[in-house]
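Where a number appears in this text, it was derived from the coordinates with a stated rule and is not lab data. Note that this is a predicted model, so its numbers are computed, not measured. Quick reminder, even Gly has a Cβ in these numbers, built from the backbone with ideal geometry, and neighbours come from all protein chains shown.
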Amino acid sequence: MAVPKRRTSKSKRDMRRSQNKLSVPRLTACPQCNELKPTHRVCLNCGYYKEREVVKVN
């Protein structure tokens, strides 16, 4: 069984953990209704994606 020869230093441990962070979701304005929506997704407010209607919204 593999056993570490040396104890991992706080610096090395923290450098490894620095990648484990949450990111802010990317939001852009819809060109049709100017509502904020996630990028590369259909707008939930108007149903448009890339300047054409994809989903009928009441």
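Worth pointing out:
- Taking the criterion of being hydroxyl-bearing (Ser, Thr, Tyr) and not in a loop (DSSP other than H, G, I, E, B), the residues of the range 26-58 that qualify are THR28, TYR48, TYR49.
- Number of positions in the range 15-36 that are more than 30 Å from GLU53 (Cα to Cα), surrounded by 10 or more Cβ atoms within 10 Å (Cβ to Cβ) and among the charged types (D, E, K, R): 1
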